[in-house]
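Here the structure comes first, spelled out in structure tokens, and everything after it is commentary.
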Amino acid sequence: MTLDIETLVDLYRDMWLIRAFEFGLEREFKKGNVPGMLHTGVGQEATQAALAAHLQASDAFFPDHRCHGINALAQEKHQGDGERIMAELFGRATGVCSGKGGSLHSANPKVGNFGDNAVEGSYMATVLGVALAYQMRGQPNVACCIIGDGTVGRGEFHESLNMAAIWKLPVLYACVNNGYAISMPVGKGHASADIVDLARGYGFPCEIVDGNDIEAAYDAVQRAIAHIRAGNGPYFLEFKTWRWQGLFSGEFRSPEEVKYWKEDRDPLKLAREKILAQGKLSAEDLERIEAEVKAEIEAWIDFAKASPMPDPAKATADVYVGWEVTA
Amino acid sequence: MTQATTRTRTFVQALNEALDIAMARDPNVYMLGEDIGEMGGDFGVTRGLWAKYGDARVRDTPLSEAAIIGASVGSAMLGMRPVAEIMFADFIGECYDQLVNNAAKMHYMFDGQFKAPIVVRTACGGGFGGGPHHSQSVEGWFLNVPGIVLVAPSTPADAKGLLLASIENDNPVIFLEHKALYRIKGEVPEGYYTTPLRKAAVARAGSDVTVVATMKLVHEALAAAAELEKEGVSVEVIDLRTIRPYDAETVLESVRKTGRAVVANEAPKIGGLAAELSATIGEECFHDLKAPVARVAGLDTPIPFSLVLEKYILPGKEEVIAGIRSVMK
Ligand SMILES: Cc1ncc(C[n+]2csc(CCOP(=O)(O)OP(=O)(O)O)c2C)c(N)n1
Ligand SMILES: [Mg+2]
């Protein structure tokens, strides 16, 4: 499929925003300005941009550990303050969770972000309840969970797909198959390297999508969401993609593999070629967009750094609703 | 407050009344679990409710404990009030992650933006030959989890009032139903009422020694107290009712008065509720104590099947009496 130029350029900008966000964050992480752990979504921008484009603020998505990008896009799109995702990762009071969540637990229900859970894939179970609430209330919303290929090893994968199927729940499973779970290749960790093979038995539509082709990803998400909103029950999308980040200790994949994915299959490069092929924008136009986005991300980083740390006394707030911690 | 009419009801009937009332009062309340629908649950607690409220609000599930709790939490994030049944508390390990990492932390880690007002009803406790996987007391598994509420009634009236209060509470509640109490009878007020959470009850007033107990052991403690009364020992029995966060004030006030404390729970002694209570009493009442705090608890073993073996490891009236005697010396 071919997207119209406006949509394509918007998506290109969103993808750039994700990449600039992650590179800026990684730079600050290496300088010691960002505590904790860092997993980036570089290389997987098309999937996140496509999901962000179709999910509404009234829908729900559960982001995973590589989802700073979709978190920032949702925050920016629905509230215009993407910098609060950055601030959260810096552990600041201005973050979306006032610094209590960080990279692995950023949430904001007002933009449909139902929060990451760093016990990978636990929310494959939680997403059922959000979908069930939509169903019981007759709301045409979608509850989406974003899961990695490795996460599919959890028992909750079966429980979730089975229950979503028997109750015909409005769940979108967005499985980001980037080939590895830390060091474990997908075909070694699962009975099939195609996750859809594990999902098909539950009897709802499952598709493999080229996760590095923004047009294919956009189209697939649109199709899946239309199916779900129409009351037809769950849908499973497996995005084939590749993460640029290696292990914390360095690169573990073959030079050929790295070269293939970074040079031939870079989703941003592919999107750029598509835009230029339409002949309506020049390379300079795209460079201007890239520069704008980078400047915005630097402003977000400055905002995060300038933001106050949380009041330490807040550490005991909100353990219980309505009750103070006593011990 | 006008005194409501009471009727004699079993613990199970009292729970059933509470669920019926909660479902009728609030359309956001619904139930899910294994065989809770037409069958009415393994112990009959949900009997008749499927016929009254239908499939959508009384939901039978497959054997998917993680999905049961996950679905509960997710729907609670949007304001539903799920009451989940985990058939036997022993199975709660299957959804431990959902409870500990999701339900308990949801409100905190997302800075108050979400709540997880779920109730997880579950049948716990031994004494009937259920064996290692159908008899355990699991409160200790959750005692170290900030954000979780543990409720443990011992009488039919409290079972009803505490369940209604738990359903209305905005926190995730694990509601422990001791299987040995399901058939006991008691006076239960008609209609709607709640029994406050985090409030212990003085089940029997006394002046010489305080026994703090939960669930079945409240009854064992009351029996022990009746027996020791004949010897002139006046025993105060505190029914903790909410195990986490617990009502330290009522416990400490009683111990300051009596100067002696026995803490009793059915779970193994090491690392459990009895250990926690005894530490708190020690910290707060050291100078009031006339004797070291005694713990009455299960032995440090899994629960064996054969009734003689099971009786050997689980505490009952005799062990409570021995505990009281040890602090009266
Ligand atoms: C339940 C659980 N097990 C293990 C981990 C540690 N861990 C963090 S990320 C990860 C790999 C996840 O792989 P995948 O789902 O494919 O995501 P990717 O990092 O490739 O995007 C593991 C094992 C975890 N966080 N949670
Ligand atoms: Mg992976």
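The values are calculated or read from the model by the stated rules, or taken from the named source; none is laboratory data. Quick caveat, the model's predicted, so the values are computed rather than measured. We place every Cβ from the backbone using ideal geometry, glycine too, and count neighbours over all the protein chains shown. Calculation scope for accessible area: heavy atoms of the full protein, side chains included, ligands and nucleic acids excluded. Shrake-Rupley method; radii C 1.70, N 1.55, O 1.52, S 1.80 Å.
Out of A:215, A:207, A:156, A:120, report the one residue that is within 14 Å of ligand 2 (Cβ to nearest atom), acidic (Asp, Glu) and either over 20 Å from residue B:79 (Cα atoms) or part of a loop (DSSP other than H, G, I, E, B) (or both).
None of the other options fit; the residue is A:120.
Quick test of your reading of the structure: residue A:232 fulfils all but one of (1) more than 16 Å from ligand 1 (Cβ to nearest atom); (2) within 19 Å of the chain's Cα centre (by Cα); (3) surrounded by fewer than 16 Cβ atoms within 10 Å (Cβ to Cβ). Name the failing condition by number.
Residue A:232 satisfies all of (1) more than 16 Å from ligand 1 (Cβ to nearest atom); (2) within 19 Å of the chain's Cα centre (by Cα); (3) surrounded by fewer than 16 Cβ atoms within 10 Å (Cβ to Cβ) except (2).
Being touching a strand residue (DSSP E or B) at 6+ places or on another chain (Cβ under 8 Å) and more than 17 Å from residue B:205 (Cβ to Cβ) is true for just one of B:276, B:266, B:231, B:310. Which residue is that?
Going through B:276, B:266, B:231, B:310 in turn, just one is touching a strand residue (DSSP E or B) at 6+ places or on another chain (Cβ under 8 Å) and more than 17 Å from residue B:205 (Cβ to Cβ): B:266.
Only residues that are of a type in the set (A, V, I, L, M) and farther than 18 Å from residue A:73 by Cβ: list them for the stretch A:16-43, please.
Hits for the stretch A:16-43 are A:34, A:37, A:38.
Confirm whether residue B:197 is assigned to a helix (DSSP H, G or I) and on the phi < 0 side of the Ramachandran plot.
So residue B:197 does not fit the description; no.
Of all the residues that make up the stretch A:56-102, how many are over 21 Å from residue A:309 (Cβ atoms), within 12 Å of another protein chain (Cβ to nearest Cβ) and more than 16 Å from the chain's Cα centre (by Cα)?
1
Is there a residue being modelled with pLDDT of 95 or more, part of a helix (DSSP H, G or I) and within 18 Å of residue A:294 (Cα to Cα) anywhere in the stretch A:35-43?
Looking through the stretch A:35-43, none of the residues is modelled with pLDDT of 95 or more, part of a helix (DSSP H, G or I) and within 18 Å of residue A:294 (Cα to Cα).
I need the full set of residues from the stretch A:102-122 which are within 15 Å of ligand 1 (Cβ to nearest atom) and over 14 Å from residue A:143 (Cα atoms), in order please.
A:102, A:103, A:104, A:105, A:117, A:118, A:119, A:120, A:121, A:122
Would you call residue A:158 under 24 Å from residue A:37 (Cβ atoms), surrounded by fewer than 24 Cβ atoms within 10 Å (Cβ to Cβ) and facing chain B (nearest Cβ under 9 Å)?
Spelling it out, it is not the case that residue A:158 is under 24 Å from residue A:37 (Cβ atoms), surrounded by fewer than 24 Cβ atoms within 10 Å (Cβ to Cβ) and facing chain B (nearest Cβ under 9 Å).
Restricted to the stretch A:134-152, and to residues that are away from chain B (no Cβ under 11 Å) and touching a strand residue (DSSP E or B) at 6+ places or on another chain (Cβ under 7 Å), which residue is farthest from ligand 2 (Cβ to nearest atom)?
So the residue we want is A:142.
Please verify whether the stretch A:233-245 includes one or more residues that are aliphatic (A, V, I, L, M) and within 17 Å of residue A:10 (Cβ to Cβ).
No, the stretch A:233-245 contains no residue that is aliphatic (A, V, I, L, M) and within 17 Å of residue A:10 (Cβ to Cβ).
Tell me, yes or no, whether the stretch B:10-22 has at least one residue that is out of contact with any strand residue (DSSP E or B) (no Cβ under 8 Å at 6 or more places or on another chain), assigned to a helix (DSSP H, G or I), in contact (Cβ under 8 Å) with a residue 12 or more places away in the chain and within 14 Å of another protein chain (Cβ to nearest Cβ).
no
Exactly one condition in (1) within 27 Å of residue A:100 (Cα to Cα); (2) in contact with a helix residue (DSSP H, G or I) (Cβ under 8 Å, 6 or more places away or on another chain) is not met by residue A:276; state its number.
Failed condition: (1).
State all residues of the stretch A:158-184 that are within 16 Å of ligand 1 (Cβ to nearest atom) and free of Cβ contacts under 8 Å to residues at least 40 places away in the same chain; if no residue qualifies, say none.
Answer for the stretch A:158-184, where residues must be within 16 Å of ligand 1 (Cβ to nearest atom) and free of Cβ contacts under 8 Å to residues at least 40 places away in the same chain: A:158, A:159, A:160, A:181, A:184.
When you look at residue A:91, is it open to solvent by 10 Å² or more (accessible area, probe 1.4 Å), under 29 Å from residue B:95 (Cα atoms), of a type outside the set (Asp, Glu) and in a loop (DSSP other than H, G, I, E, B), yes or no?
Criteria not met by residue A:91.
Every residue in the stretch B:196-237 that is β-branched (Val, Ile, Thr) and more than 24 Å from residue B:269 (Cβ to Cβ), please.
If the condition is that a residue be β-branched (Val, Ile, Thr) and more than 24 Å from residue B:269 (Cβ to Cβ), then B:202 is the only one that fits.
Give the number of residues within the stretch B:178-194 that are in a loop (DSSP other than H, G, I, E, B) and either modelled with pLDDT under 95 or buried (at least 19 other Cβ atoms within 10 Å of the Cβ) (or both).
Number of matching residues: 1.
Give the stretch A:182-204 a look and list any residue that's under 19 Å from residue A:125 (Cβ atoms) and within 16 Å of ligand 2 (Cβ to nearest atom), or say none.
The answer is A:195, A:198, A:199.
Consider the stretch A:164-178. How many of its residues are surrounded by fewer than 19 Cβ atoms within 10 Å (Cβ to Cβ) and within 12 Å of ligand 2 (Cβ to nearest atom)?
Matching residues across the stretch A:164-178 total 0.
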